[in-house]
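Scroll down for the structure; my scribbles are underneath it.
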Amino acid sequence: VPARLTAFPAAPRVSACRTIRRVFCSGDALPVETQRLFFERIDAELHNLYGPTEAAVDVTSWQCKPDHRALSVPIGRPIANIETLILDRNLQPVPVGVPGELYLAGVGLARGYHGRRDLTPLRFVPNPFSNRNGARMYKTGDLARWLPSGDIDFLGRLDHQVKIRGFRIELGEIEATLARHQQVREVVVLARTDMAAGDPRLVAYVVAEAAAEPQTIES
């Protein structure tokens, strides 16, 4: 995952390693700075992969380039038997360069969420671009755009879901749990990236009940 890859080039004598040929990074957005540090110290290929668990984990691939000077690292193009679509709110394809929601289709999609019949039809929706009966698309909730090269540029999330060190986290679930505490009146949870370089942290801001004296605990 990008968090570990960021630390890897800083390891002692990593430049002396001559056996690594390819490194595959996935699980979160790959920072441009991490890509730059990698090529400065490691003589190997770096591949940026993208994909949610609902679509067999990795579904797109991009081979990073040492001379890449864009502000973000693309997630590339779909692998075999996977289709990627970037659509607007009316499920219409967006032009090149225009942000839209990324949808996935093809044989890699999961059947649905185990024990969550209410959630499955909200995320696995009919595919209007397929002639196959029962064809579906997975609504990723990710914002993306087409690049002129035909590759996909990942732009972030459309909701409050975040990823930290490759783990998918729903901030609302944490807020709901903290709000049940008898000394907490209101709470907001954010993922902050300004606390340590390349190491985002979860931070909870709370409004205590009038009689409560909350303590600050870091973990």
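The values are calculated or read from the model by the stated rules, or taken from the named source; none is laboratory data. The model shown is predicted, which means the values in this text are computed figures rather than measured ones. Neighbour counts run over all protein chains shown; Cβ positions are idealised from the backbone, glycine included. With ligands, DNA and RNA removed, areas are computed over all heavy atoms of the protein, side chains included. Shrake-Rupley method; radii C 1.70, N 1.55, O 1.52, S 1.80 Å.
Here is a check on your reading of the model: is Ala105 among the small types (Gly, Ala, Ser) and either in a strand (DSSP E or B) or modelled with pLDDT of 95 or more (or both)? It is true that Ala105 is among the small types (Gly, Ala, Ser) and either in a strand (DSSP E or B) or modelled with pLDDT of 95 or more (or both). Going by what's in this entry, would Arg77 be described as touching a strand residue (DSSP E or B) at 6+ places or on another chain (Cβ under 8 Å), in contact (Cβ under 8 Å) with a residue 40 or more places away in the chain, of a type outside the set (S, T, N, Q) and farther than 20 Å from Asn48 by Cβ? Judged against the criteria, Arg77 is not a match.
I need every pair where a residue in region 120-145 that is in contact (Cβ under 8 Å) with a residue 24 or more places away in the chain has its Cβ under 8 Å from the Cβ of a residue that is exposed (fewer than 14 other Cβ atoms within 10 Å of the Cβ) and in a helix (DSSP H, G or I), sequence separation at least 6 or different chains. Short answer, once both residue conditions are applied: Lys139/Leu122. Restricting region 61-99 to residues that are open to solvent by 30 Å² or more (accessible area, probe 1.4 Å) and in contact with a helix residue (DSSP H, G or I) (Cβ under 8 Å, 6 or more places away or on another chain), the residue that is nearest to Gly27 (Cα to Cα) is Ser72.
Of the residues in region 4-60, how many are within 25 Å of Glu101 (Cα to Cα), open to solvent by less than 40 Å² (accessible area, probe 1.4 Å) and modelled with pLDDT under 90? Count: 1.
All told, Ile152 falls short of being surrounded by 13 or more Cβ atoms within 10 Å (Cβ to Cβ), within 18 Å of Pro2 (Cβ to Cβ), within 16 Å of the chain's Cα centre (by Cα) and modelled with pLDDT under 95. Apart from one condition, Leu102 fits all of (1) under 19 Å from the mean Cα position of the chain (by Cα); (2) open to solvent by 60 Å² or more (accessible area, probe 1.4 Å); the exception is (2). Just a yes or no: is a residue in region 170-178 acidic (Asp, Glu), open to solvent by less than 50 Å² (accessible area, probe 1.4 Å) and not in a helix (DSSP H, G or I)? Scanning region 170-178, I find no residue that is acidic (Asp, Glu), open to solvent by less than 50 Å² (accessible area, probe 1.4 Å) and not in a helix (DSSP H, G or I), so the answer is no. Considering region 125-149, and only residues there that are over 10 Å from the mean Cα position of the chain (by Cα) and among the charged types (D, E, K, R), the residue that is surrounded by the fewest Cβ atoms within 10 Å (Cβ to Cβ) turns out to be Arg132. The single condition among (1) modelled with pLDDT of 95 or more; (2) in a loop (DSSP other than H, G, I, E, B); (3) more than 23 Å from Asp159 (Cβ to Cβ) that Pro74 does not meet is (3). Evaluated against (1) over 14 Å from the mean Cα position of the chain (by Cα); (2) more than 20 Å from Leu155 (Cβ to Cβ), Val57 falls short on exactly one condition, (1).
Arg111 passes every criterion in (1) out of contact with any Ser or Thr (no Cβ under 9 Å at 6 or more places or on another chain); (2) part of a loop (DSSP other than H, G, I, E, B); (3) open to solvent by 50 Å² or more (accessible area, probe 1.4 Å) apart from (1).
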